[in-house]
Amino acid sequence: MTNGKRGFLGSTEVDVNDYWTEGRGSQQLRCNETVLYAEIDCCQELAAIAKTKEQLQEQYGRMDMFYLCLQAVKFYHADAALLRCAGVVIGNMVNEGCFSGDFESIEEENLFVDELVDELQDRTEAFSEVEENDNFMNWYKDNVLDLNHYHNYDGSKTDTPRLNGLGAAMSSDEYSKMAKDGGMYLLYLVTDTDGKDGKPEQISKKKLKQNKFLQYMHNSGTNVTRQSILANAKSGIIAKSGTEPAKTLERFKEEARESQKKDVKGLGWLVTLISIIVTAVVMIVKMVVTAVQAKREAEAQQYIDSLDLQAPTEDELRGACPEHDDYLIKIEETKGRIADSEEKIQNTWLWSGLGVFATAVAGLVLVKLKLKRKLKGE
């Protein structure tokens with residue numbers, strides 16, 4: 001089947017070539033909205049590489065679920081109790097299979113989603129839901145309830161969108177776009193690799209630096225969050241590599257090892273991943289620089305200077321990117337083990353030879369002693 005990106009969620013048209021933010025700039029989006037848009041975009045990318053109707057429908061169902069979460073924020077962002085109740089309703093809809101249907105057409109599914117929006121409002125405002133979907137509610141609490149605010153430049157929460165600084169001039173969520181374009185930079189965090197088949201300590205240090213970048217952006221006042229950037233990154237990895245992050249990481253390891261065996265120019269598709277990472281680093285650096293500039297334009301210089309000290313430097317950012325060297329250790333270790341084994345084998349033969357020689361010498365001495373005794377008539 002042909003997989004195309006979906007153009008509608010319910011009766012709402014979605015710009016599938018850009019982030020769907022209703023024309024709002026980054027600082028005009030609540031933090032939970034930023035996460036939900038990022039998740040929808042990630043579903044779009046997964047739908048684009050789906051190989052079966054079932055895989056495609058799974059992503060459409062997830063888009064519908066995230067869309068209902070967006071509607072919950074739209075309706076109830078000012079009422080924490082109702083917003084939580086809406087989450088309970090959506091979680092129960094998950095249990096009821098509302099997002100697992102098989103539709104004949106996108107149009108049919110869109111009509112169904114519109115009906116779910118009406119049902120969401122009715123059930124939420126009735127306060128009649130008792131049972132809860134614990135797994136969904138854990139996710140909903142972290143990504144919707146706890147992020148139902150805007151961020152000030154010092155990382156504090158506010159219920160008022162910030163309309164000053166560079167973010168106000170952006171007509172769409174430019175920070176999330178940059179995070180998506182820089183997705184390959186966060187390959188290790190997105191896949192949560194332990195690096196055991198590479199250099200664990202080196203990879204662990206890079207993940208710590210990448211986490212510093214995430215924390216800085218989370219508190220940058222741009223209203224992107226750790227969660228949204230990771231979802232953006234996953235989406236970007238899929239878009240650039242054409243496959244899911246775990247498989248992309250395996251391809252990256254293969255590229256690293258193949259680069260030791262032959263001329264990189266002969267690697268074909270393998271060389272594209274490292275070139276994508278180089279481009280990704282540039283975008284991540286730009287993302288931090290833009291966030292810092294926005295702070296400087298918006299606040300008193302003395303206050304901002306103290307905040308900027310927390311921003312990761314360009315050298316730190318570049319030093320945390322995935323590199324071939326992170327996954328070359330196994331080949332080096334193998335060579336080392338072979339050398340050690342050869343040395344042990346040589347030593348074994350040496351000592352074995354000396355043992356045989358010593359035994360032979362001792363035997364000859366005994367023979368000579370016996371002969372002497374016989375000659376003496378002993």
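Coordinate-derived values only; no laboratory data. Computed from a prediction, not measured in an experiment: that's the story for all the values here. Positions of Cβ are generated from backbone atoms using ideal geometry, with glycine treated the same way; all protein chains shown enter the neighbour counts.
Using label points projected 7 Å from each Cα along Cα→Cβ, tell me how many nm separate Lys53 and Arg251, to one decimal.
Reported label-point gap for Lys53 and Arg251 is 2.8 nm.
Asp159 to Lys286: FRET efficiency via 1/(1 + (r/R0)^6), r the Cβ-Cβ distance, R0 22 Å, to the nearest 0.05?
0.15
Taking a 26 Å limit on the Cα-Cα distance, which of the listed pairs Lys212/Lys261; Lys157/Lys205; Lys157/Lys212; Lys74/Lys209; Lys196/Lys286; Lys206/Lys247 fall beyond it?
Table pairs above 26 Å Cα-Cα are Lys212/Lys261; Lys157/Lys205; Lys74/Lys209; Lys196/Lys286.
Between Asp114 and Asp192, what is 0.36 nm times their sequence separation minus the Cα-Cα distance? Round to one decimal in nm.
That pair, Asp114 and Asp192, stretches by 24.4 nm at full extension.
Mind listing which chymotrypsin sites (Phe, Trp or Tyr not before Pro) in the range 173-276 are in a DSSP loop and have 10 or fewer other Cβ atoms within 10 Å?
Details: sites: Tyr175, Tyr185, Tyr188, Phe213, Tyr216, Phe252, Trp269; in loops: Trp269.
Answer by residue number: Trp269.
Let's test the formula: R0 of 25 Å, r as the Cβ-Cβ distance of Ser275 and Gln202. What FRET efficiency results, to the nearest 0.05?
0.70
Name the chymotrypsin sites (Phe, Trp or Tyr not before Pro) in the range 52-155 that are in a loop by DSSP and that have at most 12 other C-beta atoms within 10 Å, would you?
Passing both the DSSP loop test and the Cβ count: Phe127.
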